[in-house]
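Colleague: Before we start, here is the structure in question, set down as structure tokens.
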Amino acid sequence: MDIHALQQIVHQTRDARRQQTLPKFPSEARDQLIHTYHPDYRASAYRPIRFGPNVNDKTVLELAALLEGDSLIADHADLTPHYTTDVLVVGGGGAGCAAALHAHGAGANVILATKLRLGDSNSVMAQGGMQISVAPEDSPVTHFLDTLKGGHMQNDHELLKVMVEEGPSIAKWLIGLGVLFDRQADGNLHVKKGGGSSKPRLLTCSDYTGLEIMRVLKDEVLNQKIQILEFCAAVELLSDDNGHCTGAIFKDLDNHRQVVVAAKSVILATGGIGRLHIQGFPTSNHYGATGDGLCLSYRMGAKLDHIDTFQYHPSGAVYPEQLIGALVTEGIRSEGGHLVNAKGERFVNELDTRDVVSSSIIRECEEGRGIRTMSGRVGVWLDTPLLDAEHGPGTVEKHFPAMMMQFERFGIDISKDPVLIYPTLHYQNGGVKIDTNSETNVKNLFVAGEASGGLHGRNRLMGNSLLDLMVFGKRSGMTAASRAASLQQGKLTVNHLQRFRADARKHGNSSGVISPMILPAYTRKEPERTTNG
Amino acid sequence: MTQEDANVIDQPEVLRHKMVSIEISGKKYEVPEGITVIKALWYTGQEVVRGAGCLGGFCGACATYYRTKDDPKVRTCLACQMAVEDGMSFTIMPPFPARKALYDIQTLKDPKQELFNLYPEAPLCRNCNACTEACPQKIDVREGVWKAVFGDFKSVSEMFMDCVMCGMCTPVCIADIAPNLVALYVSRAQGAHFTEKPQGLETRIKEIQDGRFKEEWNRVLAMNEKELADHCATVT
């Protein structure tokens, strides 16, 4: 059937739905829903890791293969450094830029290496906002409790306390650099309510929050003349005789040469794993989100935390085909957008946490109340025109210009027509275990941002990622810089690789996988041809 | 019709599997109709390193020139946000060597005057409007440059909130202005110098420094798992 014909039910039921209030699920029902429908609980998608710091811990098949994968670097590679620096930052997204700026500001020599361009990251796409408790009726403690509840009480308390308490000073720093957060009429910061949060706490720059922050941070990195190595993908870390981190080896993606960087400390800000397409899910992530930092740290002996849990954002686009997996911001639901099944019914409180909302969408679709596209995808409606009905014409266009434009390019006016959505692989809840200075159990190896784990527990709250990047980017940068003066540059070896390889052999690993992946293999191979002999 | 059949959306581009002829950097290929420009590159066996970034229309890495069948007009798009059609011809734009001025945003004395030192070419706009036509985000770039020159920084910062810094406005400028970089400077100056300091934020920072939440922290952090879970449940 034509998409417009199917959308009629959404228009027809709108007024009736507006009268309705849906309570959140009681905790038992919520747990059962998640255990039955959330992809994290699909046992066949998981297996134990066979060796290394997280031996016998379960994770998804796609990640397990990469963690056990072999390095591109030989045991006796030439490790003469091309560059020497105090602090080496790997990754050019939000956490990487924040780390580089703070380390530089504290007086350290900094090199920032990134496998694509400076700023190419998930951060640039963050639309929903940044949670910081600035409203008078809110507090850092409430922010802490909301996050803990959303993370199923599994969050690291110390990391979380640090994040919520440093939030306001981060906002001040960003404003000082020229970030244009939305304001109230009285000049105070405008705050929006996000899913799973009890108080309005989201600072926004319309629906371009990540883009605005990244435009400014990138510009600042350039203004500060921080040395940048673009199109350089980290392929291995370096360690000294004590197993402390002393640098990294890169592959220059332009000329395929190896680049060795000696550093007193290394900050991995390499982001998430969406492009591994775990369990076949489409993803909202950027081109380079292949979990490189996890593989590199794991081979060095860094322990990972919560790597069995991923966030499937409730609203990934399902139609049109070209936008599959692209994010439809949670801001739509924050402003009252309903989720509607094929029968025209709501089925979940739209402002529940992401894992609950995603599970409920999967339930609707598996129980036959979804809408299917001819390419075999299925989804439910997100009633975007409701926002104009509720708050006046022009609301969608004014508050969600990025999303309006994205769909307009394919002839869809989301202020008039609802959009079809289904959960999309969005975020790695866990990652490399860190302390409050963002350091791992490997000395002088820091991890910041999505690549790190513990802070978000088993489900990250909307708007907590941008804050995570800024707070732990800063902490890693400051700590690494503070060590530079007293620390001698350590020896450059790959002894950790020899240990890792011995371990792999003992466990009969010959999968032939080389990690990190660097970029997903989307290039279509030439179709097989039959040849004569 | 069963309930299930009733809820199926037709997608002509998926149903038909029609192949179309396109040109990539002047070379002819056959690709399925309706896939994105970036997917057409992958489909034709090309490795993509430069020219792809967020794949969501936000980073500007995949700025592309294209032309549709028999139309002489060369247009611009983001390759991850554009579907291919029969007869289309396109080339991904290489990085353009625009000059970015370096500045310390926080210590600027007179940001509106400083614009002319940092970007002396900005007032030389000859009104050709090519930048506006080149913008895949539909920003009125030319108007923005003039507003910047006349000191209306607030309007510029609002107009350029959609800017993904793809830089397509730059190679077309006959006055060698890089409008996106000018606008970035102007927006940052607007935020850092001409926007009210939020009082509530200052208050909150001071409250944290003064330990206003200390007692509550102590109480919450001393709770055992069960107590904490019960306490969380009361927060609504």
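The values are calculated or read from the model by the stated rules, or taken from the named source; none is laboratory data. Quick caveat: nothing in here was measured; it's all calculated off a predicted structure. Positions of Cβ are backbone-derived with ideal geometry, glycine not excepted, and every protein chain shown enters the neighbour counts.
Colleague: Checking the conditions here, which among A:154, A:127 is more than 9 Å from every other protein chain (Cβ to nearest Cβ), under 25 Å from residue A:430 (Cβ atoms) and either in contact (Cβ under 8 Å) with a residue 60 or more places away in the chain or not in a loop (DSSP other than H, G, I, E, B) (or both)?
Modeller: Numbers: A:127 fails: more than 9 Å from every other protein chain (Cβ to nearest Cβ).
From the options A:154, A:127, the qualifying one is A:154.
Colleague: Can we say residue A:162 is among the aliphatic types (A, V, I, L, M), within 7 Å of chain B (Cβ to nearest Cβ) and more than 30 Å from residue B:189 (Cβ to Cβ)?
Modeller: On the way: among the aliphatic types (A, V, I, L, M): yes; within 7 Å of chain B (Cβ to nearest Cβ): no; more than 30 Å from residue B:189 (Cβ to Cβ): yes.
For residue A:162, the condition - among the aliphatic types (A, V, I, L, M), within 7 Å of chain B (Cβ to nearest Cβ) and more than 30 Å from residue B:189 (Cβ to Cβ) - is not met.
Colleague: If we scan segment A:162-184, do we find a residue that is at pLDDT 95 or above, of a type in the set (Asp, Glu) and more than 19 Å from residue A:468 (Cβ to Cβ)? Before you say what the answer is, go through the steps one by one.
Modeller: Within segment A:162-184, the first condition is being at pLDDT 95 or above, and the residues that meet it are A:162-184.
Retained after the next criterion (residues that are of a type in the set (Asp, Glu)): A:165-166, A:182.
Narrowing further to those that are more than 19 Å from residue A:468 (Cβ to Cβ): A:182.
Yes - at least one qualifying residue is present in segment A:162-184.
Colleague: For segment A:176-223: of the residues being hydroxyl-bearing (Ser, Thr, Tyr) and at the interface with another protein chain (Cβ under 7 Å from one of its Cβ atoms), which is nearest to residue B:203 (Cα to Cα)?
Modeller: To start, the set of residues in segment A:176-223 that are hydroxyl-bearing (Ser, Thr, Tyr) comprises A:197-198, A:204, A:206, A:208-209.
Subset that is at the interface with another protein chain (Cβ under 7 Å from one of its Cβ atoms): A:198, A:206, A:208.
Details: A:198: 21, A:206: 24, A:208: 27 Å.
Out of the qualifying residues, it is A:198.
Colleague: Under the condition of being facing another protein chain (nearest Cβ under 7 Å) and not in a helix (DSSP H, G or I), which residue from segment B:196-236 is farthest from residue A:140 (Cα to Cα)?
Modeller: Step by step, filter segment B:196-236, then rank; the result is B:196.
Colleague: Here are the criteria: (1) modelled with pLDDT of 95 or more; (2) more than 13 Å from chain B (Cβ to nearest Cβ); (3) under 30 Å from residue A:309 (Cα atoms). Tell me which single one residue A:387 does not satisfy.
Modeller: Every listed condition holds for residue A:387 apart from (3).
Colleague: Between a residue in segment A:1-22 that is without any contact (Cβ under 8 Å) to a residue 60 or more places away in the chain and assigned to a loop (DSSP other than H, G, I, E, B) and any residue that is surrounded by 11 or more Cβ atoms within 10 Å (Cβ to Cβ) and not hydrophobic (A, V, I, L, M, F, W, C), which pairs come within a Cβ distance under 7 Å, given they are 6 or more apart or on different chains?
Modeller: Correct list of pairs: A:1/B:10; A:2/B:10.
Colleague: Now for a separate question. Quick one: in segment A:211-233, of everything that is of a type in the set (D, E, K, R) and outside any helix (DSSP H, G or I), which residue is farthest from the chain's Cα centre (by Cα)?
Modeller: A:225
Colleague: I'm trying to understand the selection: among the residues of segment A:140-151, which are under 28 Å from residue A:286 (Cβ atoms) and either within 7 Å of another protein chain (Cβ to nearest Cβ) or outside any helix (DSSP H, G or I) (or both)?
Modeller: First pass over segment A:140-151, keeping only residues under 28 Å from residue A:286 (Cβ atoms): A:143, A:146-147, A:150-151.
Listed by number, the residues that qualify are A:146, A:151.
Colleague: Taking strands (runs of 3 or more DSSP E) that do not extend beyond segment A:276-393, which have at least 1 residues that are surrounded by fewer than 24 Cβ atoms within 10 Å (Cβ to Cβ)? Reasoning before the result, please.
Modeller: Details: elements: A:310-317, A:338-340, A:371-373, A:378-383.
Those strands (runs of 3 or more DSSP E) span A:371-373, A:378-383.
Colleague: Same structure, new question: With A:233, A:269, A:262 as the choices, which residue is within 11 Å of chain B (Cβ to nearest Cβ) and modelled with pLDDT of 95 or more?
Modeller: Values: A:269 fails: within 11 Å of chain B (Cβ to nearest Cβ); A:262 fails: within 11 Å of chain B (Cβ to nearest Cβ).
Result of the check over A:233, A:269, A:262: A:233.
Colleague: Does segment A:505-523 contain at least one residue that is touching a Phe, Trp or Tyr at 6+ places or on another chain (Cβ under 9 Å), modelled with pLDDT of 95 or more and over 30 Å from residue B:43 (Cα atoms)?
Modeller: no
Colleague: Now, a different point. Within segment A:100-124, restricting attention to residues that are in a helix (DSSP H, G or I) and either within 15 Å of residue A:229 (Cβ to Cβ) or more than 17 Å from the chain's Cα centre (by Cα) (or both), which residue is farthest from the other protein chains (Cβ to nearest Cβ)? Write out each step before concluding.
Modeller: Within segment A:100-124, the first condition is being in a helix (DSSP H, G or I), and the residues that meet it are A:100-105, A:123-124.
Then keep just the ones that are either within 15 Å of residue A:229 (Cβ to Cβ) or more than 17 Å from the chain's Cα centre (by Cα) (or both); that gives A:100-105.
Working: A:100: 16, A:101: 12, A:102: 15, A:103: 18, A:104: 13, A:105: 11 Å.
Residue satisfying both the conditions and the ranking: A:103.
Colleague: Please specify each residue of segment A:375-395 satisfying the condition of being over 19 Å from residue A:323 (Cα atoms) and either among the aliphatic types (A, V, I, L, M) or in contact (Cβ under 8 Å) with a residue 24 or more places away in the chain (or both).
Modeller: Residues of segment A:375-395 over 19 Å from residue A:323 (Cα atoms): A:385-395.
A:385, A:386, A:387, A:388, A:389, A:390, A:391, A:395, listed by residue number.
Colleague: Kindly indicate whether residue A:441 is buried (at least 24 other Cβ atoms within 10 Å of the Cβ) and assigned to a loop (DSSP other than H, G, I, E, B).
Modeller: Numbers: buried (at least 24 other Cβ atoms within 10 Å of the Cβ): no; assigned to a loop (DSSP other than H, G, I, E, B): yes.
In short, no.
Colleague: Also: Which one of these does residue B:63 not meet: (1) assigned by TED's automatic domain parsing to the domain that holds residue B:179; (2) surrounded by 15 or more Cβ atoms within 10 Å (Cβ to Cβ)?
Modeller: (1)
Colleague: Among (1) among the hydrophobic types (A, V, I, L, M, F, W, C); (2) surrounded by 15 or more Cβ atoms within 10 Å (Cβ to Cβ); (3) over 19 Å from the mean Cα position of the chain (by Cα); (4) outside any loop (DSSP other than H, G, I, E, B), which single condition is residue B:145 missing?
Modeller: Among (1) among the hydrophobic types (A, V, I, L, M, F, W, C); (2) surrounded by 15 or more Cβ atoms within 10 Å (Cβ to Cβ); (3) over 19 Å from the mean Cα position of the chain (by Cα); (4) outside any loop (DSSP other than H, G, I, E, B), the lone unmet condition for residue B:145 is (3).
Colleague: Return only the number of the condition from (1) within 23 Å of residue A:433 (Cβ to Cβ); (2) more than 7 Å from chain B (Cβ to nearest Cβ); (3) over 18 Å from the mean Cα position of the chain (by Cα) that residue A:137 does not satisfy.
Modeller: Among (1) within 23 Å of residue A:433 (Cβ to Cβ); (2) more than 7 Å from chain B (Cβ to nearest Cβ); (3) over 18 Å from the mean Cα position of the chain (by Cα), the lone unmet condition for residue A:137 is (1).
For every residue, the table says whether it meets (1) at pLDDT 95 or above; (2) touching a Pro at 6+ places or on another chain (Cβ under 7 Å).
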residue	(1), (2)
B:87	yes, no
B:94	no, no
B:113	yes, no
B:150	yes, no
B:153	yes, no
B:166	yes, yes
B:180	yes, no
B:192	yes, no
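Colleague: Residues being under 30 Å from residue A:491 (Cβ atoms), outside any helix (DSSP H, G or I) and of a type outside the set (Phe, Trp, Tyr): count how many of those fall in segment A:51-94.
Modeller: Taking segment A:51-94 and keeping what is under 30 Å from residue A:491 (Cβ atoms), we get A:51-55, A:66-92.
Right, trim to outside any helix (DSSP H, G or I) and you get A:51-55, A:68-92.
Subsequent filtering for residues that are of a type outside the set (Phe, Trp, Tyr) retains A:52-55, A:68-82, A:84-92.
Number of matching residues: 28.
Colleague: Ok, one more. Yes or no: segment A:450-467 includes at least one residue that is more than 23 Å from residue A:290 (Cα to Cα) and of a type outside the set (Phe, Trp, Tyr). Can you show your working first?
Modeller: Applying the first criterion (more than 23 Å from residue A:290 (Cα to Cα)) to segment A:450-467 yields none.
Checked against the condition, which is being more than 23 Å from residue A:290 (Cα to Cα) and of a type outside the set (Phe, Trp, Tyr), segment A:450-467 yields no hits at all.
Colleague: Here's something else I'd like to know. I'm checking my understanding of the structure. Among residues of segment B:161-188 that are assigned to a helix (DSSP H, G or I) and either of a type in the set (Val, Ile, Thr) or crowded, with 24+ Cβ neighbours inside 10 Å (or both), which one is farthest from the other protein chains (Cβ to nearest Cβ)? Explain how you work it out, then say what you get.
Modeller: Initially, segment B:161-188 is screened for residues assigned to a helix (DSSP H, G or I), giving B:161-162, B:179-188.
Next, only the ones that are either of a type in the set (Val, Ile, Thr) or crowded, with 24+ Cβ neighbours inside 10 Å (or both) stay: B:179-180, B:182-183, B:185-188.
Working: B:179: 14, B:180: 9, B:182: 12, B:183: 10, B:185: 8, B:186: 10, B:187: 6, B:188: 3 Å.
Among residues in segment B:161-188 that are assigned to a helix (DSSP H, G or I) and either of a type in the set (Val, Ile, Thr) or crowded, with 24+ Cβ neighbours inside 10 Å (or both), the one farthest from the other protein chains (Cβ to nearest Cβ) is B:179.
Colleague: Here's another thing I want to ask about it. Identify, please: which residue in segment B:1-37 is in a helix (DSSP H, G or I) and either buried (at least 17 other Cβ atoms within 10 Å of the Cβ) or at pLDDT 85 or above (or both) and is, among those, nearest to the other protein chains (Cβ to nearest Cβ)? Steps first, answer last, please.
Modeller: First, pick out the residues of segment B:1-37 that are in a helix (DSSP H, G or I): B:3-6, B:12-16, B:37.
Checking which are either buried (at least 17 other Cβ atoms within 10 Å of the Cβ) or at pLDDT 85 or above (or both) leaves us with B:13-14, B:37.
Values: B:13: 6, B:14: 4, B:37: 10 Å.
Ranking the candidates gives B:14 first.
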